[in-house]
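The values are calculated or read from the model by the stated rules, or taken from the named source; none is laboratory data. Remember, it's a predicted structure, so these values are computed and weren't measured experimentally. Cβ sites come from the backbone with ideal geometry, for glycine too, and all protein chains shown count toward neighbours. Quick note on the areas: whole protein, heavy atoms, side chains included, nothing else; ligands and nucleic acids left out. Shrake-Rupley method; radii C 1.70, N 1.55, O 1.52, S 1.80 Å.
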Amino acid sequence: MIPNEIAISVQGLKKSYKNIPVLKGVDFKVKTGSIFALLGSNGTGKTTIVKILTTLLKHDSGTAVVNGFDVASKPDSVRQSISLTGQFAAVDEILSGRENLIMIARLRHLKNPRQVADDLLKRFGLTDAANRRVSTYSGGMRRRLDIAMSLVGKSQLIFLDEPTTGLDPEARIEVWKFIKELSDNGTTVFLTTQYLEEAEQLADRIAILQNGRIIVNDTLTELKKLFPPTKVEYIEKQPTLEEIFLAIVGKKEEK
Amino acid sequence: METIKNYYFTDLSVMLGRSMRHHFRSVDTIITATIMPVALMLLFVYVLGGAIESGSNNYVNYLLPGVLLMAIANSMGYTSFRLFNDVQKGIFERFHSMPIARSAALWGHVLVSLVSNAVSVVVIILIAFIMGFRSPAGVLSWLAVIGILALFTLALTWLAAIPGLTAKTQDGAIAIAYPIHILPLISSAFVPTNTMPTVVSVFAENQPVTSIVNAMRALLNNQPVGNDIWIALAWCIGIMLVAYIFAMRAYKKRV
Ligand SMILES: Nc1ncnc2c1ncn2[C@@H]1O[C@H](COP(=O)(O)OP(=O)(O)OP(=O)(O)O)[C@@H](O)[C@H]1O
Ligand SMILES: [Mg+2]
């Protein structure tokens, strides 16, 4: 593929925490403008990958190139071109929603921070709560603000680490809508999730991380083909991604 | 790289503005850092003042340096607390994934401590004036007093930053506040050290607050400062440098 069509390229990525290996050689590529979903159970290392790609954590070996910049040797250039919504809402509780957005807009050196803040508040349905302290927000409002803060400055690549964990179904669908909008506008989205349905709904490509490696990396259609042919039942039924996932990951309970 | 350096002071001022809001929106912080020392000053002067033999005919003059140091010391728990929260709640991660100089977030906290303590110091000096504080000191002596207070604030702030960055729990983060709070009480700040039992007075005479208080008192009364000022400066600069090195090391480990 042509290099500038690749937003993220990871090769042989390894990372241990105090001799406990978490990533044992991770390889994948993410196409510019696509939505890439990284699936994996608790503690498999999804957040570790996100932290390495967003320059928050140093890897032990292998290479990771984001928007054409090596994360190890050009972290500043990487930071110029990305935006992160971490696993846990990183909002300032003591400031209001508007103040949070203005703060980020200032830090991104935008011309009219107030205008940027007001537009995002409107888009994320936070206008009424704009001047309230974030400590009074509900979980869903916090997450919306968190995502809105990552959209300040319109980065070409956005990382979302479990963006809908802890949200009710309605709020989740709302977040999905935002993510789809982002993608429609050409932003590349790197998403981690534990919800298979989420990957199914959003992702152009789905990768499954297990035991420190990417064990599957394909489109949903291809993944469905991987699954054993439809069983003979009274009703023919397409396998859900959940079934595919469990079949691939295999006998987890038996350990 | 270029742009990050060019914007360093813009970014720092955004960080400063953010933490200033944290300071002034916390009633608790203002009570502990400003109102408590003023209340103590009132208590000492109007309730206990008659009974304490300070060897000075203006007890407010005698007390003021100690009250100022106490106000500064009392605010330190909040520096630890705010830093701890930023580390834990992930807001530092957001800042660090953005194109901002990494040290800006930490320096923001240090500057807030300086600015908010300057505000407390001015308020306390004004109230002391109303209570009868008078000083024959000239501009140079006042500048020296301000310099000592600034160094004392910086030294304690970097000291307070260490648990803020390394603690595992909130209680651990603010535990540093207690020994710092007690230092002004076991010093020449409120009563002469020769009235204390031997063991206590040996400690009191050799701890930083006593020499700082004595130096400030001499400066404010236009008396020769002797060695006290050099001992005071050595303490402040020594603590500041050592604490700075450890705090920076802890910070780098965190990011
Ligand atoms: N700072 C750290 N020190 C030691 N071990 C760590 C550290 N951070 C993560 N780990 C370990 O590394 C493994 C992967 O963690 P990571 O947070 O990347 O997983 P995850 O896939 O994001 O999990 P979750 O779905 O729960 O968010 C876990 O076993 C975790 O305990
Ligand atoms: Mg995670």
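Of all residues in the stretch A:39-86, those that are within 16 Å of ligand 2 (Cβ to nearest atom), charged (D, E, K, R) and within 11 Å of another protein chain (Cβ to nearest Cβ) total 1. For the criterion of being under 25 Å from A:Gln156 (Cβ atoms), within 16 Å of ligand 2 (Cβ to nearest atom) and among the hydrophobic types (A, V, I, L, M, F, W, C), A:Ala7 fails. Does A:Arg142 meet the test of being more than 22 Å from A:Ile206 (Cβ to Cβ), more than 16 Å from ligand 1 (Cβ to nearest atom), touching a strand residue (DSSP E or B) at 6+ places or on another chain (Cβ under 6 Å) and open to solvent by 20 Å² or more (accessible area, probe 1.4 Å)? So A:Arg142 fails the test.
Here's the yes/no breakdown for (1) outside any helix (DSSP H, G or I); (2) in contact with a helix residue (DSSP H, G or I) (Cβ under 6 Å, 6 or more places away or on another chain); (3) touching a residue at least 40 places away in the same chain (Cβ under 8 Å); (4) open to solvent by 30 Å² or more (accessible area, probe 1.4 Å):
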residue	(1), (2), (3), (4)
B:Ala128	no, yes, yes, no
B:Arg134	yes, no, yes, yes
B:Val145	no, yes, yes, no
B:Thr153	no, yes, yes, no
B:Ala189	yes, yes, yes, no
B:Asn194	no, no, no, yes
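In this entry, B:Ile180 is excluded by the filter for residues that are within 23 Å of B:Ile31 (Cβ to Cβ), over 11 Å from the mean Cα position of the chain (by Cα) and not charged (D, E, K, R). Residues satisfying the criterion are absent from the stretch B:81-90 (criterion: surrounded by 21 or more Cβ atoms within 10 Å (Cβ to Cβ), within 30 Å of A:Gly86 (Cα to Cα), away from every other protein chain (no Cβ under 14 Å) and modelled with pLDDT of 90 or more). Looking only at the stretch B:91-115, residues that are open to solvent by less than 10 Å² (accessible area, probe 1.4 Å) and more than 14 Å from every other protein chain (Cβ to nearest Cβ) come to 3 in all. Selection of first residues in the stretch A:39-50 that are farther than 13 Å from A:Ile208 by Cα and of second residues that are aromatic (Phe, Trp, Tyr) and more than 6 Å from ligand 1 (Cβ to nearest atom), restricted to Cβ pairs under 6 Å at least 6 apart or on distinct chains, gives the following pairs, ordered by first then second residue: A:Val50/A:Phe159. Taking the stretch A:166-208 as the range and being within 16 Å of ligand 1 (Cβ to nearest atom) and under 13 Å from the mean Cα position of the chain (by Cα) as the test, the residues that pass are A:Phe190, A:Leu191, A:Thr192, A:Thr193, A:Gln194, A:Tyr195, A:Glu198, A:Ala199, A:Ile206, A:Ala207. Taking the criterion of being open to solvent by 10 Å² or more (accessible area, probe 1.4 Å) and over 17 Å from A:Leu191 (Cβ atoms), the residues of the stretch A:145-172 that qualify are A:Gly153, A:Lys154, A:Asp168, A:Pro169, A:Glu170. Of all the residues in the stretch A:181-195, those that are more than 16 Å from ligand 2 (Cβ to nearest atom), in contact (Cβ under 8 Å) with a residue 40 or more places away in the chain and surrounded by fewer than 20 Cβ atoms within 10 Å (Cβ to Cβ) number 2.
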